[in-house]
Amino acid sequence: RNATSIYTGATSVSAGTLAITGTGSINTTSGIAVAAGATFRYNSSTALTVAPTLSGSGISNRAVLGGTGTINAALTLNDLGDVLAPGNSPGIQNFTPNQTWTSFSYDWELNDWTASVAGTNFDQIGITGTLNLNGGSGSYVLNVLGLTAGNATGSTPNFSETDRSWTILTSSRLTGFNAANWTINTAGFANPDAGTWALAQSGNNLVLSYPAVPEPHVALLGGLGLLMLS
């Protein structure tokens with residue numbers, strides 16, 4: 001949809017995808033309900049002032065909020081079936097003002113191992129305000145999803161066992177983060193990765209890192225050095 005709606009009733013996305021593009025707006029609606037199995041993509045340059053309500057239920061019953069538009073409302077996320085999927089392939093999804101997210105899943109996409117432009121090569125969530133992650137153990141899932149150069153599902157170009165890191169979320173203030181409360185799911189990353197992905201707080205941002213596994217001969221040389229010193 002690429003138009004301004006003056007509809008004042010409730011908006012229900014019960015299946016499929018509703019996309020708002022261009023300068024389109026549905027800010028006169030009384031509410032936006034996104035059911036499990038449905039997707040709402042907000043790509044408009046007009047900020048959305050009505051917070052969508054996601055009704056996901058568990059990992060397999062997903063209600064998805066995606067797109068590149070700004071959500072200017074406090075979003076309630078309290079289930080792993082409530083999914084944020086920035087962009088339409090890689091993209092940046094922005095939120096204002098302060099947000100408190102108790103439980104959700106983050107679909108994070110990467111289309112080039114060596115390139116590092118947020119919104120072009122990898123997804124990012126941006127929050128102008130405070131983000132409070134107040135959920136406990138098992139409350140958050142980060143789905144690492146590999147894309148081809150053409151942004152199709154598949155092997156990520158230029159992959160190698162090299163140390164890499166990406167800022168996947170920015171905020172004005174970040175509270176409540178605990179890496180132990182997050183699960184990193186790499187089932188959607190097709191490359192044969194041998195390293196261990198990790199998520200950490202850096203200032204007010206979240207950074208995903210991939211520490212490469214050293215090649216066997218490097219580890220062996222390190223061992224020999226220790227032997228020579230002993």
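Nothing in this text is a laboratory measurement; each read-out follows from the coordinates by a stated rule. Nothing here was measured: the structure is a model prediction, and the numbers come from that model. Here the Cβ positions follow ideal geometry from the backbone for every residue, glycine too, while neighbour counts run over all protein chains shown.
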TODO: Return the only residue of Gly146, Gly129, Gly81 being out of contact with any Pro (no Cβ under 7 Å at 6 or more places or on another chain) and either more than 17 Å from Ser209 (Cβ to Cβ) or free of Cβ contacts under 8 Å to residues at least 24 places away in the same chain (or both).
DONE: Gly81
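Restricting attention to segment 97-118, which residues are over 11 Å from the mean Cα position of the chain (by Cα) and either closer than 17 Å to Ile71 by Cβ or β-branched (Val, Ile, Thr) (or both)?
Of segment 97-118, the ones over 11 Å from the mean Cα position of the chain (by Cα) are 97-103, 111-118.
Pro97, Asn98, Gln99, Thr100, Trp101, Thr102, Thr114, Val117, listed by residue number.
Return a yes/no flag: does segment 90-106 have any residue that is crowded, with 20+ Cβ neighbours inside 10 Å, aromatic (Phe, Trp, Tyr) and either closer than 21 Å to Ala10 by Cβ or free of Cβ contacts under 8 Å to residues at least 24 places away in the same chain (or both). If you could, list the steps in order and put the result at the bottom.
Taking segment 90-106 first, the residues crowded, with 20+ Cβ neighbours inside 10 Å are 90-91, 93, 95, 99, 101, 103-106.
Restricting the remaining residues to those that are aromatic (Phe, Trp, Tyr) gives 95, 101, 104, 106.
So of that shortlist, the ones also either closer than 21 Å to Ala10 by Cβ or free of Cβ contacts under 8 Å to residues at least 24 places away in the same chain (or both) come out as none.
So far as segment 90-106 goes, no, none of its residues is crowded, with 20+ Cβ neighbours inside 10 Å, aromatic (Phe, Trp, Tyr) and either closer than 21 Å to Ala10 by Cβ or free of Cβ contacts under 8 Å to residues at least 24 places away in the same chain (or both).
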Task: Selection from segment 185-206 of residues that are among the small types (Gly, Ala, Ser), within 15 Å of the chain's Cα centre (by Cα) and not in a loop (DSSP other than H, G, I, E, B) - done: Ala198, Ala200
